[in-house]
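None of the figures in this text is laboratory data; all of them are computed from the coordinates on show. Bear in mind that the values here come from a model prediction, so they are computed numbers and not experimental data. Heads up, the Cβs are rebuilt from the backbone with ideal geometry, glycines too, and the neighbour counts pull from every protein chain shown.
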Amino acid sequence: MRASRLSVFKADAASRSARRLGRVAWLALAMLVLSATGCRTHLSLRDNTVRTADTLTDLNYQQVLDNLARFHDNPGAMRRLPS
C-alpha cells in the first residue's frame, strides 16, 4: 500500500515537472518569436509625432494668414490668439 502511494506521488511529480517544462518551452518560443519580429511601436510613435508637429505648424500658419486677411479687411480688428 505504501509503495503504491509513493509511485502515485512520483508520477504526479513527474507530470507537474513535464507541465512546467512545457510552459517554459512555450514561453521561450514566444520570446523568440517576439524578438525575431521586432517591436515597431517606437516607429509608429515617431511617425505620429512628426505628423502631429507638421499639423500644428500648418494650423499656426493658417491662423497667421487668417489674422492678416482680417487686418487687411478691417484694420481695427482684433487678432485671434491661439488657445
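Applying the Karplus relation 6.51 cos²θ - 1.76 cosθ + 1.60 with θ = phi - 60° to segment 67-80 yields 3J(HN,Hα) values of 5, 5, 5, 5, 5, 5, 6, 9, x, x, 6, 7, 6, 9 Hz, where x marks Gly and Pro.
Assuming a viscosity of 0.692 mPa s and a temperature of 37 °C, what translational diffusion coefficient in µm² per second does Stokes-Einstein assign to segment 19-83, Rh being the Kirkwood radius over Cα pairs?
Details: Rh = 16.6 Å.
Result for D is 198 µm²/s.
Taking the Cα of Arg79, stepping 7 Å toward and past its beta carbon, and measuring to each backbone N in segment 47-64: which are under 18 Å? Residues 57-64 qualify, since their backbone N sits under 18 Å from the label point. For segment 49-81, applying the loop criterion from DSSP together with a ceiling of 16 other beta carbons within 10 Å to the trypsin sites (Lys or Arg not before Pro) yields Arg79, Arg80.
Let me check I've understood the local charge: for Asp58, count other residues with C-beta under 15 angstrom from its C-beta, Lys and Arg +1, Asp and Glu -1. What total comes out? Net local charge, Asp58 excluded: -1.
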